[in-house]
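The values are calculated or read from the model by the stated rules, or taken from the named source; none is laboratory data. If you're wondering where the values come from, they're calculated on a predicted model, not measured in any experiment. Heads up, the Cβs are rebuilt from the backbone with ideal geometry, glycines too, and the neighbour counts pull from every protein chain shown. Please note that ligands, DNA and RNA were not included when accessible areas were found on the heavy atoms of the full protein model with its side chains. Shrake-Rupley method; radii C 1.70, N 1.55, O 1.52, S 1.80 Å.
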Amino acid sequence: MEKAARERLARLLAGEEAGAFSAQLSVPSDALRLEVDGIGQVRLPVRPAQAKKLCGVARPAHFGHREETILDPAVRDTWEISPDLVSLGGPSWALALEGALTELADELGVPAGNRLEAELHALLVYGPGQFFVPHTDTEKNDAMVGTLAVTLPSSHTGGEFIVEHGGQSVTYRSSRDSLSLVAFYADCLHQVTPVRTGYRVVLTFNLLMRGTPAADSADGPVPELAGCLAEHFRSPEQVRYGSSEPPKRLVYLLDHSYTERGLRWDKLKGADAERATLLRAAADKADCEAVLALAEIKETWDTEARKITYLIDSSLTLDWWTSPSGGEAISLPIRDAEICASTPTAEMKPYQSEYTGYMGNWGGTKDRWYRRAAIVMWTRERSFAAQAEASGLWALGELRRLADAGDLAAAQAAASSVESFWVASVSAQPRALEQTLNVAVVLDAPETATMLLRPFRVEMLTPGHAGALLALAGHYGPEWMGGMLAVWFGERSRAYHDAELQRPEWLASLPGLCEALGGEDGVTRGLLTGSWRWLIGQIRSWLGYPAVSTREEYLGKLGKPLAGLLEATAVAGETGLRDEILGFLHERGDELRALLVSALRSATELSPADRPVSGLDTLASLCASRLGELIARPVRAEDDWAITWRDTCGCELCVTFGEFLGDGSRRTLEWPLAEARRKHIRQSIRAAELPVRHQTLRAGSPYTLILTKTDALFDHERKARQRAITDLAWLTENWPAAG
C-alpha cells in the first residue's frame, strides 16, 4: 500500500544526517589554570587534600524544580562553588575552549551560521557517596541550549556521567590526566552515579547559541518535501463514516524537548534544526506557513504481565505556539491524519506513566504522557482559519484590525471561515465576550454576528458590557437582539448545567446591569423577561419535587435571584412584569413560603424608598399572611395520622397507598405484594421522605409489606410551626410593611 504523503515526508527527514544529543572530547589539562578564592590555584590532577579544601569553601548544591530552587540531598548531594569565586585562565585555555566548542557544535548538529559559547555556571565537587539523580537542566536564559561539563582529572571510582535522550543512553567516564568535556542539550535526561572512592571535580557551563542560521537552501530534498506537503493538503482524509475532506494542517514532531521560553527557530537543537531548515524551505515552496508549537501527547497501551503489547489509543493537543507576535497558550486537539514524526513517540521517554491492572473484561493498560515540540504547517489560503481555531482571542483581534483598516469584505470572509469550529475555539471564555461584542458590531453582518456570539451565555454579561450591547441593539435592531438573548438564555444552549449553577448569582446582580443599560427598552426588557422565564421554570420544577426538605432547600436558593429580578424591574420601570411575578407568587404562595422568606432575607439592604416600587413590600405582606395562616392552624390531634401526599404516578398501587396515607384513623397497613410492587411503594416513600416505616414479612406468597406511620409526622409539623413563628418575628421587625 502506498504510504501517505505525511509518512513519506517523515521518512525523507529521517534520512538526513542528524546531530548527536551529546558529545565528548578531551583537552590536555595544562591548557587550564584554575584559581578559587580562599584557596588559590588548584593543581591538576586534583588531589584528595585539595578537593577537601574546595569542599571547605563550597556550599551544598541546590537544583531547579519548575520555578523553584530546592535543596534536597536525596535528589542532589554535591558541593557547589559559585562562578564569582572561580577564575579560569592559562596561556591556551581560551583557544582550547574555542576549538573544543567548534568541534562539539559540529557533533551536536548546531546549524551552520551559529556557534556555541560557554558561560561558567559552577564548580562542583562530588565526594564519596555523593550523586545527582536523573534530571534535566533548566534553560537559564534565552540563548541557552545545553550544558558543557568539564571534568577535571582526578583519581576516583564511580561518579559515571550518564546522558539519555530518545531511548538512547551514553555513559561518560572522566580521565585521570586530561580534561574531559561533555556537551549535551538541556532537554537530555542526565545523572551522576554515586562516587565510590576519591573526588570528582567538575566545571559546568551554560551552552549559549549565538549567530544567525545560514539561509535556507532549495537543494537536496526540499522539492520532494514540498511535493509531499502539497499532496498532503489536497488529499482527502480517509474516514469510515461521513464525508472526507483534506487535512487542515500538518504537525511534524521534533526530537528534542523545549520550554516555552526556549522554543525559537534559532534555538532548535541538532537534527531538529536541520529538519526545520528543510521544512521551512519546503513550506515556502508549497505556499504554506509554519510555526513552532509544544504538544501534550497521551498514549494508552495494552499490556500483558505489565509489558506493553499494542497501542490502543493516542491523543495529541497543541497547548503553546509561537508566532511573529510572540508565544501564546492555546488548546488545539490534532487528528492522527495530521501528525507525522521521524522518531515515534513510543521510542521516547515519557514524563509520566500510569498502570491500570486487569478490570473485569478488560486487560491491563498503561498510559504514557509525553511533551514534544512540533513544526505546524498549513496552506496560506487558510492561514486565518488555521490560527483562529487555535486561538479565538487572536482571531478577534485580527478581525477588528481588518475592519478598522477599512477592509470589511476581508473581515467578513475571515469571520465566516471560523463557523465550523468557533464554539470550541473561544470555549465560552468570559474574557473573549467583550472583544466579540465589539467585533460583531463592526462586521455589519447580522448572521455572522450571531455565529460569533453564540458560544457565550447570558450570565457572562456585566455592567461593563452595557455599551456594546446597546451598540448591537442599535445596529441590528430589536428582533435580532431578541433572538440573540434567546440563544444566551439557553433555548439552544448546550451549557444548561453550568447555567443552572451560575445563573442564580447573575440574576441577583441584574439590577446593576439594568442600571448601566440606562433603561433602553429592547435590551433591558429582553433580559428581564428571559430571566423571569428561566426563573419561573426553575420554581415550577422544584414545586413538583416530592421530597419536602429538598424542595424547600432549593426553592430557598432561588430567593436571592428572585429579589434581584424584582429590584431590576424597579430600575427598568417594568411594572407590568413586576405585577406578573407578584401575581404568580400570590397564586402559589402557600407552597412558596421558603422562597418568599429567602427573597426577603436577601433584600434587607434595599432602601425603604425602593421597597414599594420593586414589589418587595407586597411580597413581605404576602409572606406574613402565609406564615400567619400556618401558625393559626390547629395543632394536629394526637390520634390524627393523616399524611398529605402528592401522587405523581396515578397507578392503582399509588391510589391505594394514597388512601392509606390520607386516612387519619389508620396507622398501619399490612399489604401482600409481589417484590416489584413492594419496591415501587418503598421508592415512593423514599422519594417523598414520608414518615412511614416499611418492613417485609417473609411468610406466605406473596410476602406482606407492613407500613407504619411514625411519630416523625408530629415532629415535622412542630418544627415547621416553630420555623414559621421565627420567620414571622424576623419579618415583622425587618419589613414594617408586612404588618
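Before moving on, here are some points about what is shown:
- Taking first residues from region 609-624 that are touching a residue at least 12 places away in the same chain (Cβ under 8 Å) and partners that are polar (S, T, N, Q) and open to solvent by 30 Å² or more (accessible area, probe 1.4 Å), the Cβ contacts under 9 Å between residues at least 6 apart in sequence or on separate chains come to 612/618; 613/575; 615/575; 620/734; 624/732.
- Scanning region 368-387 for residues that are open to solvent by 20 Å² or more (accessible area, probe 1.4 Å), outside any helix (DSSP H, G or I) and farther than 10 Å from residue 290 by Cα gives 368, 369, 371.
- Top-ranked residue in region 81-131 [being of a type in the set (Phe, Trp, Tyr) and in a strand (DSSP E or B); ranked as least open to solvent (accessible area, probe 1.4 Å)]: 126
- Some residue of region 331-351 being in a strand (DSSP E or B) and either free of Cβ contacts under 8 Å to residues at least 60 places away in the same chain or out of contact with any strand residue (DSSP E or B) (no Cβ under 9 Å at 6 or more places or on another chain) (or both): yes
- Taking region 414-479 as the region of interest, the helices (runs of 4 or more DSSP H) fully inside it that hold 3 or more residues being of a type in the set (A, V, I, L, M, F, W, C), within 22 Å of the chain's Cα centre (by Cα) and closer than 27 Å to residue 382 by Cβ are 422-426.
- Boolean, residue 395 is modelled with pLDDT of 90 or more and more than 26 Å from the chain's Cα centre (by Cα): no
- Any hit, region 243-255, residues being open to solvent by 50 Å² or more (accessible area, probe 1.4 Å) and in contact (Cβ under 8 Å) with a residue 60 or more places away in the chain: no
- Count of residues meeting criterion [assigned to a helix (DSSP H, G or I) and under 26 Å from residue 141 (Cα atoms)] in region 245-296: 12
- Test for residue 78: is it β-branched (Val, Ile, Thr) and under 19 Å from residue 151 (Cα atoms): yes
- Restricting 682, 718, 723 to residues that are open to solvent by 40 Å² or more (accessible area, probe 1.4 Å), in contact with a strand residue (DSSP E or B) (Cβ under 8 Å, 6 or more places away or on another chain) and not in a loop (DSSP other than H, G, I, E, B) narrows the list to 682.
- Selection count where residues are closer than 23 Å to residue 267 by Cβ and either without any contact (Cβ under 8 Å) to a residue 12 or more places away in the chain or in contact with a Lys or Arg (Cβ under 9 Å, 6 or more places away or on another chain) (or both), scope region 70-98: 1
- Residue ID - surrounded by the fewest Cβ atoms within 10 Å (Cβ to Cβ), chosen from residues in region 132-155 that are in a loop (DSSP other than H, G, I, E, B) and of a type in the set (A, V, I, L, M): 143
- Positions within region 612-626 being among the aliphatic types (A, V, I, L, M) and open to solvent by 50 Å² or more (accessible area, probe 1.4 Å), in sequence order: 613
- Restricting region 13-51 to residues that are in contact (Cβ under 8 Å) with a residue 12 or more places away in the chain and of a type in the set (D, E, K, R), the residue that is most open to solvent (accessible area, probe 1.4 Å): 17
- Test: residue in region 391-405 that is hydroxyl-bearing (Ser, Thr, Tyr) and part of a helix (DSSP H, G or I): no
- Residues in region 641-668 that are surrounded by 14 or more Cβ atoms within 10 Å (Cβ to Cβ) and either of a type in the set (D, E, K, R) or within 17 Å of residue 712 (Cβ to Cβ) (or both): 641, 642, 643, 645, 647, 660, 661, 663, 664, 666, 667.
- Residue check, residue 164 farther than 23 Å from residue 371 by Cβ and surrounded by 13 or more Cβ atoms within 10 Å (Cβ to Cβ): no
- Scan of region 440-459 for residues that are buried (at least 18 other Cβ atoms within 10 Å of the Cβ) and within 18 Å of residue 530 (Cα to Cα), ordered by number: 453, 454, 455, 456, 457, 458, 459
- Checked against (1) open to solvent by 50 Å² or more (accessible area, probe 1.4 Å); (2) in contact (Cβ under 8 Å) with a residue 24 or more places away in the chain, residue 692 meets all criteria but (1).
- Reported count of residues in region 584-611, each being open to solvent by 70 Å² or more (accessible area, probe 1.4 Å), of a type outside the set (Asp, Glu) and assigned to a helix (DSSP H, G or I), is 2.
- Residue 364 passes every criterion in (1) under 27 Å from the mean Cα position of the chain (by Cα); (2) under 30 Å from residue 302 (Cα atoms); (3) not hydroxyl-bearing (Ser, Thr, Tyr) apart from (1).
- Verdict on residue 73 being open to solvent by 90 Å² or more (accessible area, probe 1.4 Å) and part of a loop (DSSP other than H, G, I, E, B): no
- Single residue of region 636-657 satisfying the filter (without any contact (Cβ under 8 Å) to a residue 24 or more places away in the chain and of a type in the set (Val, Ile, Thr)) that is farthest from residue 545 (Cα to Cα): 656
- Within region 3-12, the set of residues being of a type outside the set (A, V, I, L, M) and either exposed (fewer than 15 other Cβ atoms within 10 Å of the Cβ) or assigned to a loop (DSSP other than H, G, I, E, B) (or both) comprises 3, 7, 11.
- Residues of region 270-313 that turn out to be closer than 30 Å to residue 221 by Cα and either open to solvent by less than 30 Å² (accessible area, probe 1.4 Å) or under 30 Å from the mean Cα position of the chain (by Cα) (or both), as a count: 22
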